[in-house]
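Some notes on the structure that comes next.
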Amino acid sequence: MDLLMKIQKEYLSFTNQEQKIADYILRYSHQIKNMKISELAKKIGTSDASITRFVKKIDCDSYSDMKFLINSSLQQEEPSSSEEAADGIYSYYQNVIQNTQRLINIEQIRELIQEIKKAAEITIIGASSSGVTAEIFATRLMRMGFSAKNYSDPLWMLSKASISDPNSLFIAISTSGTTKSVLEALKLAKQNQAVIASITSYSENPIAGVSDYSLHVYNTRFIDNQRFANSQFANVYLIDVITTYLLEDKKLRKQLERTRDTTKFL
């Protein structure tokens, strides 16, 4: 795992000051290769000593060592400097896809697919915008013939978890991996021996901690572009990957085609 992915993975374990440093490094990684430590400290609003401590915490020998490892993580080409809106959007989505692709674990996906196929009932949960993504995922599974439902209301999540059993599969979508309502529902489902899977953006987080299958995506808050608000794009990309693997099954593909034929004029 390269250094930038390591910083994202360990992000939730950082102090507030360390997260402030991590935010800047992850968002502006292309810009720090020629910065002195004092210049970086000034831009972040912290001290040289704080940055030095952060460097040690992420297992780098020195500030120069950190810069070298970050540069090694980056692509050869620099991000587009064009001010055209279309170019900026293209660069944004390309960045999200490339970084999410680096986090994808195909073995975990294939194992999750087997759980999806054998589950008597699939419940997909998420709050706020992640709840919208949960609906997208559930709809795709329903069109393939699975018994899948989505919930974003905390009470409905808990109610569903309370009647889950070992034949139930819960899939949680949470960008932070810390959403309280989602975590509480998963803990309850876990007590009932349901299978738990999650899609989060930090490798080490409470929701991933209670999951049997933990998938990860790139967190879009770390991209140096505040004009875009699609925080769910990485999640939807991973869902595309999962459903594409599911459609390798001829039976599921035929069921999806049948559903499309039935609803194409609606």
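Sites count as exposed loop sites when they are GluC sites (Glu not before Pro), lie in a DSSP loop, and have at most 11 other Cβ atoms within 10 angstrom; the longest stretch of the chain without one is 85-247. Extension gain for Asp240-Asp48 works out to 64.8 nm (0.36 nm per residue, less the C-alpha to C-alpha distance).
Rg/Rh, computed from the Cα trace of the stretch 24-63 with Rh as the Kirkwood radius, has the value 0.92. For the listed residue pairs Lys117/Lys190; Lys56/Lys180; Lys20/Lys190, the alpha carbons are over 27 angstrom apart in Lys56/Lys180; Lys20/Lys190. 3J(HN,Hα) couplings calculated from phi for the stretch 14-28 with the Karplus curve 6.51 cos²θ - 1.76 cosθ + 1.60 (θ = phi - 60°) are, in sequence order, 7, 6, 4, 5, 5, 5, 4, 5, 4, 4, 5, 4, 6, 7, 10 Hz; Gly and Pro show x. Summary value for the chain: 19 percent relative contact order, contacts being C-alpha pairs under 8 angstrom separated by 6+ residues.
When every Cα-Cα distance of the stretch 157-266 is counted in 5 angstrom steps from zero, the calculated P(r) takes the values 2, 11, 17, 16, 16, 15, 13, 8, 2, 0 percent. Counting only protein heavy atoms and a 1.4 Å probe, the chain has 52 square angstrom of accessible area per residue.
Beyond 33 Å, how much of the Cα-Cα pair distribution for the chain remains, as a whole percent? Distances greater than 33 Å cover 29 percent of the Cα pairs. Considering only Met35, Met144, Met66, the Gaussian network model of the chain with Cα springs below 10 Å gives its largest mean-square fluctuation to Met35. Annotation for Ser128 and Arg110: the two label points, set 7 Å from Cα along the Cα-Cβ direction, are 3.6 nm apart.
Taking amide H as placed 1.01 Å from N in the peptide plane, Ile124 has its amide H under 5 Å from the amide H of Lys149, Asn150, Tyr151, Ile171, each at least 5 places away in sequence or on another chain.
Think of the stretch 26-137 as a dipole: +1 on every Lys or Arg Cβ, -1 on every Asp or Glu Cβ, centred on the Cα centre; then among Ile116, Ser29, Ala127, Ser29 lies furthest on the positive end. Rounded to the nearest 20 debye, the dipole magnitude of the stretch 1-145 is 300 debye, with +1 charges on Lys and Arg beta carbons, -1 on Asp and Glu beta carbons, and the Cα centre as origin.
For the chain, carbon and sulfur atoms together expose 49% of the accessible surface, with a 1.4 angstrom probe and every protein chain in place. Only helices enter this figure: runs of n ≥ 4 DSSP H residues, each worth -39500 (n - 2.57), summed and divided by the residues of the chain, yield -17000 deg cm²/dmol at 222 nm to the nearest 500.
The values are calculated or read from the model by the stated rules, or taken from the named source; none is laboratory data. On a predicted model such as this, the values are computed, not experimentally measured, just so you know. Glycine also receives a Cβ, built like all others from the backbone with ideal geometry; neighbour counts cover every protein chain displayed. Accessible surface is based on the protein model in full, side chains and every heavy atom, while ligands, DNA and RNA are left aside. Shrake-Rupley method; radii C 1.70, N 1.55, O 1.52, S 1.80 Å.
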